[in-house]
Amino acid sequence: VITAGAATNWVFPAILSGSYYTNAYDDDGLVRDDWPAISDVLAEEGYSTAAFLGFNPYLGKWRDHFDHFWNGGIGDAGESWYSNPVQKWISRGYRTAFLKKRVSAGETINRALQWYEDQSRPRFLWVHLMEPHKPYYPGLSRGREVGLIQAYQAILSLQQNGDDTPQKHVQTQRDLYKQCVEKVDNDITSLVDAVDDDAATVVMGDHGEEFDHGHYGHERLYDECVRTPLFAKNVFADIPETVRQIDIAVELLNHVGADPPNQWDGERISTNRSAFMMTPRPSEDTFQCALRTPAEKLIQTYDRKNSSLIRNEYYDLESDPVETDNRYETEDVSKLETELRDYM
């Protein structure tokens, strides 16, 4: 799937409401009061709706769009984040020592399945797991596969050095990330196996992680951040090799015979459709937008203060899938530039 941005906050309007974040969010960065999510449409069709999330502060803004919403304890009555700074650092130290996520995939899935099994009406269930997300904490047993001393050194090095982290520690971080991905692959099996055999099921990443372009995080629009796995069952009759993330909610509503809201940006899934994406990064002073086709990509970086164009990048994805050879100066990309400018 080709995402609508490089980070959670910018892509979930596409996932949950078939829309770019600039349309779905208000000036405070919250979901507009008049902007329907897929769960709202399905609730009108008689569905029970719920979300179970492995603790993500950027996603609490979707709380009012679900009958039941659990975000690892954030904002839930009777549960607190930290009572004081000492507790905060003790908690962080404990999680680092045991390479333990704040809320495990197992706990999130168990809560989701309990809700799922208790419902008598048709159900729409969203589960969001945080294992393949920084910090890369796969647990002690998987950490031993990487090497615990190397893991702790790499974690501290990244915290201290950021993008200047030595390559040996970056490689360890990559190894920890792989262990996190494999862990969530195993954990999610219990969820997929438990839902009804005829359930429309979609599994996808909201964004990836960047390792290969000199920055470690998920803030820029290279494919390692914006091209993520997609698995589906009992939906999408003929799925293309790449699918726009923004079209999936539309396709799910079509699957159950419901009409998508008119203000959404997404469409029915189709082949060879240009994917657009935006992110107010890679720094606090810049903004990136991009156009991606199955064969090529144009990325433009702007100065947020004066809207001036700082950098153009053009990649031939067929000959350069890892996007290391910027051919903007040697290729005619005027058609892509016009399409991206019209979109923006």
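Worth a mention:
- Output for the range 270-281, where each listed residue is open to solvent by 60 Å² or more (accessible area, probe 1.4 Å) and either touching a Leu at 6+ places or on another chain (Cβ under 7 Å) or not charged (D, E, K, R) (or both): THR271, ASN272
One line per residue, one yes/no per condition, for (1) modelled with pLDDT under 95; (2) open to solvent by 60 Å² or more (accessible area, probe 1.4 Å):
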| residue | (1), (2) |
| --- | --- |
| ASP238 | yes, yes |
| VAL243 | yes, no |
| ILE248 | no, no |
| ARG268 | yes, yes |
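- Total residues in the range 6-19, condition aromatic (Phe, Trp, Tyr) and either open to solvent by less than 20 Å² (accessible area, probe 1.4 Å) or free of Cβ contacts under 8 Å to residues at least 60 places away in the same chain (or both): 1
- For the range 317-344, taking the residues that are under 28 Å from the mean Cα position of the chain (by Cα) and of a type in the set (A, V, I, L, M), the one that is most open to solvent (accessible area, probe 1.4 Å) is identified as MET344.
- Residue match in the range 194-216 (condition: of a type in the set (Val, Ile, Thr), open to solvent by 40 Å² or more (accessible area, probe 1.4 Å) and touching a residue at least 24 places away in the same chain (Cβ under 8 Å)): yes
- The number of residues in the range 52-65 that are open to solvent by 10 Å² or more (accessible area, probe 1.4 Å) and within 19 Å of the chain's Cα centre (by Cα) comes to 7.
- Odd one out for ASP332 among (1) touching a residue at least 40 places away in the same chain (Cβ under 8 Å); (2) part of a loop (DSSP other than H, G, I, E, B): (1)
- Among residues that are in a strand (DSSP E or B), of a type in the set (Val, Ile, Thr) and either open to solvent by 70 Å² or more (accessible area, probe 1.4 Å) or in contact (Cβ under 8 Å) with a residue 12 or more places away in the chain (or both), THR49 is included.
- Single residue of the range 177-193 satisfying the filter (in contact (Cβ under 8 Å) with a residue 60 or more places away in the chain, out of contact with any Asp or Glu (no Cβ under 7 Å at 6 or more places or on another chain) and of a type in the set (A, V, I, L, M)) that is least open to solvent (accessible area, probe 1.4 Å): LEU191
- Residues that are outside any loop (DSSP other than H, G, I, E, B) and within 19 Å of MET278 (Cα to Cα), drawn from the range 217-240: GLY217, ASP223, GLU224, CYS225, VAL226, ARG227
- Residue match in the range 157-173 (condition: under 29 Å from VAL243 (Cα atoms), in contact with a Phe, Trp or Tyr (Cβ under 9 Å, 6 or more places away or on another chain) and open to solvent by 50 Å² or more (accessible area, probe 1.4 Å)): no
- Residue within the range 260-269 that is in contact with a Gly (Cβ under 7 Å, 6 or more places away or on another chain) and small (Gly, Ala, Ser) present: yes
The values are calculated or read from the model by the stated rules, or taken from the named source; none is laboratory data. Note that the structure is a prediction, hence the values are computed from the model and not measured. All Cβ positions, even for glycine, are placed from backbone atoms using ideal geometry, and neighbour counts span all protein chains on display. These accessible areas exclude ligands, DNA and RNA; they are computed on the full protein's heavy atoms, side chains included. Shrake-Rupley method; radii C 1.70, N 1.55, O 1.52, S 1.80 Å.
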